[in-house]
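Colleague: My structure is below; once you've seen it, I'll send some questions.
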Amino acid sequence: MHYTSEPMARLEALQTLEKERTCGKKAELEYVTQHHQRFLATLAICQKLVPNIEAKVLDIGRSPFTAILHSYYPTVSTMGFDPIDDDGGHRENGNAIVQNHITFDINNAKDTKMWPSHHEKFDLITFCETLEHLNTAPEYAIAYLSTLLQPNGILLITTPNAATLKNRISLLCGQNPFEKIRLYEKNPGHFREYTTTEIKKWHRAST
């Protein structure tokens, strides 16, 4: 399919609008406000699972939750896109003192040759509200992250439930509860949401 310069210009304008809608200051404030209680609830789970404040923690995907984690654990590393080039999504706002950042697109976990040569092991890896943003099978990411755990380390995964009552009602009404793939590829939205049953299957397969 061939596009003339005029349609492409319109698409670029739409991309700019979408970037502002999903990544702008207003979107960031709304995201933090909407998810603050979830952040605190997730931290409480982390504290229950790994109460030692000296634990080495790895947060996948920098976000405002990184700062929440750091409020309890002094040593928090992050993994994700290069912070210099990464301007998509709800990124860590600078309040967290990140000890170390591992630049790696977790989608590339499907290729073991691309796994970072990082030998530090972590007591806790938080893989929160990230799984649904992957465009590759989650088993690859889980397999890779498992190699970064201490022998008794914990990988905490949280993700939206695709089978919520709200989503089911939307489908019954003929409405798609899931957003389309976005134009702005640095913040692509949700590629695939999973169910509790699917998550439990992965857990059984990995233990």
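A short reminder: the numbers here are calculations on the coordinates, not readings from a lab. It should be emphasised that the depicted structure is a prediction, and the values quoted were computed from it without experimental measurement. Neighbour counts run over all protein chains shown; Cβ positions are idealised from the backbone, glycine included.
Colleague: Using only Cα atoms, figure out Rg for the stretch 5-206 and give it as a multiple of 2.2 N^0.38 Å.
Modeller: This ratio for the stretch 5-206 stands at 1.07.
Colleague: Using the Karplus curve 6.51 cos²θ - 1.76 cosθ + 1.60 with θ = phi - 60°, work out ³J(HN,Hα) for each residue of the stretch 148-153 in order, rounded to whole Hz, and write x for Gly and Pro.
Modeller: 9, 8, 5, x, 10, x
Colleague: Give the long-range amide H neighbours of Ile102: residues separated by 5 or more places, or on another chain, with amide H under 5 Å away, using H modelled in the peptide plane at 1.01 Å from N.
Modeller: Thr78, Met79, Gly80
Colleague: Please compare each pair in Lys25/Lys186; Lys26/Lys180; Lys48/Lys113; Lys121/Lys180 to a cut-off of 27 Å on the Cα-Cα distance and tell me which ones are over it.
Modeller: Lys48/Lys113; Lys121/Lys180
Colleague: Taking the Cα centre of the stretch 5-206 as the origin and placing charges on Cβ (Lys, Arg +1; Asp, Glu -1), which of Asn176, Leu134, Ser117 is farthest toward the positive end of the dipole?
Modeller: Asn176
Colleague: Right, something else. Mind checking the angle between helix 5-23 and the chain's longest principal axis? C-alpha axes, 0 to 90 degrees, to the nearest 10.
Modeller: 40
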